[in-house]
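Trainee: Here it is, the structure in full.
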Amino acid sequence: MKPKYHFLLIFAICINGIYGQKVGLVLSGGGSSGVSHVGVLKALEENNIPIDYISGTSIGSLIGAYYAAGYTPQEIEKLVKSELFQKIFKGEIPAKYTYFLKRHDEDASWQTFKLSFSTKFINNLPTNFINSVPVDFYLMEAFCGANAYAKNNFDSLVVPYRCIASDVESKQTVIFRDGDLSSCIRASMSYPFYLRPISIKNKLLFDGGLYNNLPTNVMYDEFYPDFIIGSSVAEVPQPPSDDNLYLQIRHMLTTQTNFNPVCENGILIQPWSDVNTFNFDEIDRLIDSGYVTTIRMMPEIKKRVERMADNEALKLKREKIKKAEVSDSIVFNSVDIEGVSTKTKKFIRRSIFYKSKPFSLALLKKNYFRLTSDDKIKSVYPIASKDTSGSGFFNLKLLAKKEKSFFMDIGGNVSNRPISEGFLGLQYNHLGRIGFTAYANGYYGKLHSSGHFKLRFDFPGKVPFYVEPSFTISRWDYFSSSALFYDFQKPAYMLQEDRYGELKIGLPLGNVSKVVASGGYSEWGNRYYQTSNFTKLDTADATYFDFAYAQLSYELNTLNRKQYASSGTKIHFRAKYVNGAESFYPGTTSLDTVKTINSPMHTWVQFKFTFDSYIRTFKGFKIGVFLEGVYSTQDFFRNYTSSILSAPAFNPTLESQTLFIPQYRAHQYLAGGLKAITTPWKKFDIRFEGYLFQPVTSITSTSAQTAQYTKPFLYRNFIGLVALVYTTPVGPVSIGMNYYDKNENSFSFFFHVGYIIFNKKSID
């Protein structure tokens with residue numbers, strides 16, 4: 001070879017060494033700590049360090065997939081900082097997609113156990129801590145466009161990509177080079193007991209970090225780059241101890257990973273990551289840590305990576321793939337359902353795909369969350385793929401599983417006052433062409449004992465609806481449970497019994513609200529003394545009211561909790577018609593000794609409006625606004641006590657629901673309140689609440705023990721509350737003080753564990 005050709009060959013090799021140098025980025029697992037990878041990406045791209053290949057596991061597979069699918073580091077940062085992202089990866093469905101029509105009536109349940117008597121007990125234990133439904137849909141929505149663009153080939157993404165999962169049966173790592181991108185990411189993130197595992201090609205797959213938490217070897221073997229940058233936020237494993245079950249299980253499930261890049265020409269970045277695996281509260285700090293740590297190592301990286309990134313070429317690739325990711329361009333024209341019976345497939349199809357008309361991704365999202373809110377369905381895993389015929393449409397595959405048939409709810413309330421009670425609920429589910437539920441519950445306590453039974457039939461379709469017949473029987477004993485009545489010292493004898501049957505028909509108005517038409521018949525009885533001076537030898541007065549009613553109600557509810565809510569809004573409007581006959585039987589202390597022979601009829605119309613909403617002003621502090629108004633054409637019953645017992649009550653606080661206080665009852669009233677909620681520690685709320693109750697005309701007693709109205713707006717009353725509330729996974733623990741004005745002993749101390757929630761009364 002001539003000398004000049006030797007020179008050209010040497011020059012070509014040098015040029016290739018500089019300009020052909022390929023860089024691979026490897027992102028580890030580590031739970032929420034993995035958002036540090038976003039800072040690493042920001043620092044590398046700002047300094048024009050090329051990323052030619054990317055691989056990851058667990059949270060690293062998600063961050064890496066964002067980048068491979070054309071998202072910029074700034075766009076990824078915006079995504080992971082969003083409230084939506086944090087809610088989804090805590091298993092929370094975004095408020096606007098919660099489907100209120102399928103929500104059960106609120107009860108005192110602490111925990112629900114889902115049972116199947118046809119399997120062993122071990123099969124009834126839950127396998128995941130969070131609800132996987134929002135994660136499943138989010139990943140499909142985020143990556144189906146990019147996957148269609150790449151035609152299921154991960155080398156055809158903006159940046160060639162690999163991720164891994166763990167096959168726990170064969171104890172091997174599974175490498176994903178192609179297939180459904182969202183499913184591969186989902187498998188790689190399936191941390192045991194946190195997120196439900198999924199099956200791909202008949203293999204049940206878990207988090208890739210179990211066997212390889214920094215897949216540099218995968219990067220090396222798949223792409224053979226010239227330089228590897230590893231970003232590791234993996235927790236340093238601690239040795240197991242005899243009293244730490246978590247560490248024992250973790251060491252049994254995982255294989256220790258070598259965190260040194262496998263090729264000599266590599267570098268390892270280790271940002272600060274000392275946070276709980278599933279804690280997304282330190283996102284800003286984590287991203288900053290990844291960025292700062294990478295910047296500190298930038299001189300060393302630049303010394304070893306001489307090639308500069310081609311930012312214009314990268315920008316063009318991103319623009320091209322993002323056209324395929326526009327959600328408006330993703331339209332489905334077919335649904336394939338697997339895993340359930342033919343009848344259940346029809347139920348799911350009618351819930352998702354009405355009359356075989358093409359539907360957008362936005363409509364699918366709405367209907368998907370509607371469907372998965374049904375407690376008769378365990379999971380519906382979505383897979384979107386581009387139609388290969390060239391039609392431009394997408395095909396939707398749903399891998400569905402029915403939920404176990406039997407539910408058992410256990411709960412109640414433990415209190416310093418004699419209002420403690422136990423709660424048990426039993427439910428049977430069946431899903432065919434329609435949904436069927438049989439449900440029964442029981443409360444038992446000194447104040448309130450009750451039983452409730454209902455059947456529910458859910459009909460799918462473009463406008464789904466349910467039909468629900470029910471029967472309720474309850475007993476309220478204010479004498480045994482209360483030390484607060486009139487003077488807050490000597491309780492009055494007050495016993496209520498309620499039996500009623502009801503039929504409801506419910507329709508959705510959007511996802512978070514519903515309208516319900518109902519009607520029923522009730523036998524409502526009260527036994528009471530109209531004086532505090534009675535003995536064991538006396539007999540009580542008795543009033544019975546047998547009535548029929550019809551009701552139309554509208555309710556919107558996005559509150560985050562069924563008790564001590566701190567975010568969201570609840571709006572409730574009700575119109576009710578009542579018609580019934582009163583019977584009165586005087587006791588030994590009654591001034592009225594004439595037994596009612598011809599039962600007087602009572603007919604009235606009642607309108608009630610309630611508004612409860614919370615506003616976040618700044619971090620850790622929220623303001624709540626409460627408004628309520630009632631207008632009723634109700635007349636008086638035979639005496640004052642029976643009249644006040646049947647009048648609408650204002651009960652804005654939990655304890656006020658357990659008391660009979662006449663001053664907070666009226667036929668027409670306006671009421672309002674403000675709440676200040678501060679959260680000094682996670683899951684701890686300090687609440688200050690104040691309410692003003694203004695009757696249009698107050699109801700008072702005459703000397704003859706009959707009822708009369710006062711002058712309009714003559715009296716008004718105030719209720720106050722201060723409480724410290726700790727929210728646990730099974731319910732709230734609260735301690736505090738209530739205040740009721742215009743009483744000798746206006747303050748009452750309380751301590752509660754659990755829920756103060758009861759079956760509804762027919763008269764309310």
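Trainee: Starting from the amide H of Gln634, placed 1.01 Å from N in the peptide plane, find each other amide H under 5 Å away whose residue is 5 or more places distant or on another chain.
Mentor: Val605
Trainee: Just to confirm the filter: which chymotrypsin sites (Phe, Trp or Tyr not before Pro) across segment 548-588 are DSSP coil and have at most 12 other Cβ within 10 angstrom of their Cβ?
Mentor: Filter output for segment 548-588: empty list.
Trainee: Further question on the same structure: Pairs Lys322/Lys386; Lys376/Lys675; Lys401/Lys504; Lys366/Lys514; Lys346/Lys404: which are spaced more than 26 Å apart, C-alpha to C-alpha?
Mentor: Lys376/Lys675; Lys401/Lys504
Trainee: For segment 330-347, list residues with backbone N below 20 Å from a point placed 7 Å from the Cα of Ala362 toward its Cβ?
Mentor: Within reach of a label on Ala362, which here means backbone N under 20 Å from a point 7 Å along Cα→Cβ, segment 330-347 contributes 330-334.
Trainee: Rounded, prolate or oblate, given the Cα gyration tensor of segment 683-764, with a/c below 1.5 counting as rounded?
Mentor: Taking the square roots of the gyration eigenvalues as a ≥ b ≥ c, segment 683-764 is prolate.
Trainee: Now a separate question. Aspartates and glutamates near Lys302 by alpha-carbon distance under 17 Å, same-chain residues fewer than 8 away left out - which ones?
Mentor: Glu45, Glu46, Asp52, Asp226, Glu264, Asp310
Trainee: How high is the relative contact order of segment 592-669? Use alpha-carbon pairs under 8 Å, at least six apart in sequence, and give a whole percent.
Mentor: That works out to 27 percent.
Trainee: Suppose R0 equals 56 Å; then what is the FRET efficiency for Ser389 and Asp105 from their Cβ-Cβ distance, rounded to the nearest 0.05?
Mentor: The calculated FRET efficiency here is 0.75.
Trainee: While we're on this one: How high is the relative contact order of the chain, given as a whole-number percent (alpha carbon pairs under 8 Å, six or more residues apart)?
Mentor: Here the relative contact order equals 11 percent.
Trainee: Run down the aspartates and glutamates and flag those whose C-alpha is under 12 Å from the C-alpha of Lys454, throwing out any fewer than 8 positions away in its chain.
Mentor: In chain and number order, the partners are Asp105, Glu468, Glu502.
Trainee: What's the magnitude of the charge dipole for segment 274-408 around its Cα centre, counting Lys and Arg as +1 and Asp and Glu as -1 at the beta-carbon? Answer in Debye, nearest 20.
Mentor: 860 debye
Trainee: Let me ask another. So, for segment 350-399, what is the accessible surface per residue at a probe of 1.4 Å, expressed in square angstrom?
Mentor: Solvent-accessible surface per residue comes out at 43 Å².
Trainee: Quick one: Karplus J couplings for segment 421-431, per residue in order, coefficients 6.51, -1.76, 1.60, θ = phi - 60°, nearest Hz, x for Gly and Pro?
Mentor: Karplus-based 3J(HN,Hα) across segment 421-431 equals 7, x, 9, 9, x, 10, 9, 10, 10, 9, 10 Hz.
Trainee: What does the charge dipole of segment 560-670 about its Cα centre add up to, to the nearest 20 debye, if the Cβ of each Lys and Arg holds +1 and the Cβ of each Asp and Glu holds -1?
Mentor: 620 debye
Trainee: Which residues in segment 308-332 place their backbone N less than 15 Å from a point set 7 Å from the Cα of Ser82 along the Cα-to-Cβ direction?
Mentor: 325-328
Trainee: I've got another one for you. From the backbone phi of segment 638-653, what are the Karplus-calculated ³J(HN,Hα) couplings (6.51 cos²θ - 1.76 cosθ + 1.60, θ = phi - 60°) in whole Hz, Gly and Pro given as x?
Mentor: Values per residue, Gly and Pro as x: 4, 9, 4, 5, 5, 5, 6, 5, 8, 7, x, 10, 9, 10, x, 9 Hz.
Trainee: While we're looking at this one, here's another question. Which value in deg cm²/dmol, rounded to the nearest 500, describes the helix-derived mean residue ellipticity at 222 nm for the chain, given -39,500 (n - 2.57) per DSSP H run of n ≥ 4 and division by the residue count?
Mentor: Dividing the helical sum by the residues of the chain leaves -6500 deg cm²/dmol.
Trainee: If you count only protein heavy atoms with a 1.4 Å probe, what accessible area per residue comes out for segment 512-650, rounded to a whole Å²?
Mentor: 45 Å²
Trainee: Moving on. Which angle from 0 to 90°, rounded to the nearest 10, does the C-alpha axis of helix 361-372 make with the longest principal axis of the chain?
Mentor: Around 50 degrees separate the two axes.
Trainee: Right, here's the next one. With +1 on each Lys and Arg Cβ and -1 on each Asp and Glu Cβ, and nothing else charged, work out how big the dipole of segment 511-599 is about its Cα centre, in Debye to the nearest 20.
Mentor: Approximately 560 debye in magnitude.
Trainee: Over segment 583-728, what percent of the accessible surface lies on carbon and sulfur atoms, probe 1.4 Å?
Mentor: Within segment 583-728, the accessible surface is 64 percent carbon and sulfur.
Trainee: Indicate the gyration tensor shape class of segment 277-382 (rounded, prolate or oblate), computed on the Cα atoms with a ≥ b ≥ c the square roots of the eigenvalues: a/c under 1.5 is rounded; otherwise a/b larger than b/c is prolate and the rest oblate.
Mentor: Prolate.
Trainee: OK, next. Say the dipole of the chain comes from +1 at the beta carbon of Lys and Arg and -1 at that of Asp and Glu; which of Ile295, Ser334, Gly673 then lies farthest toward its positive end?
Mentor: Projecting each Cα onto the dipole axis, the largest value belongs to Ser334.
Trainee: What does the net charge come to around Ala676 if you take all other residues with beta carbon closer than 10 Å to its beta carbon, with K and R at +1 and D and E at -1?
Mentor: It works out to a net charge of +2.
Trainee: Need one word for segment 269-324: rounded, prolate or oblate. Basis is the Cα gyration tensor (sqrt eigenvalues a ≥ b ≥ c); a/c below 1.5 gives rounded, then a/b vs b/c decides.
Mentor: oblate
Trainee: Moving on to the next point. Along segment 348-356, what does the Karplus equation 6.51 cos²θ - 1.76 cosθ + 1.60 (θ = phi - 60°) give for ³J(HN,Hα), rounded to whole Hz, x for Gly and Pro?
Mentor: 5, 4, 5, 7, 9, 10, 7, 6, 6
Trainee: Let me ask something else. To the nearest 0.05, how large is the calculated FRET efficiency for Phe459 and Tyr354 if R₀ is 22 Å and r is the Cβ-Cβ distance?
Mentor: Result of the calculation: an efficiency of 0.95.
Trainee: Turning to a different aspect of this structure: Over segment 121-212, what percent of the accessible surface lies on carbon and sulfur atoms, probe 1.4 Å?
Mentor: 54 percent
Trainee: On to the next question. Accessible area of segment 388-517 with a 1.4 Å probe: how many percent of it is carbon plus sulfur?
Mentor: Carbon plus sulfur share of accessible area: 66 percent.
The values are calculated or read from the model by the stated rules, or taken from the named source; none is laboratory data. Because the structure is a prediction, the values reported are computed rather than measured. Note that each Cβ is placed from the backbone with ideal geometry, even for glycine, and that neighbours are counted across all protein chains shown. SASA here: full protein model, heavy atoms, side chains in, ligands and nucleic acids out. Shrake-Rupley method; radii C 1.70, N 1.55, O 1.52, S 1.80 Å.
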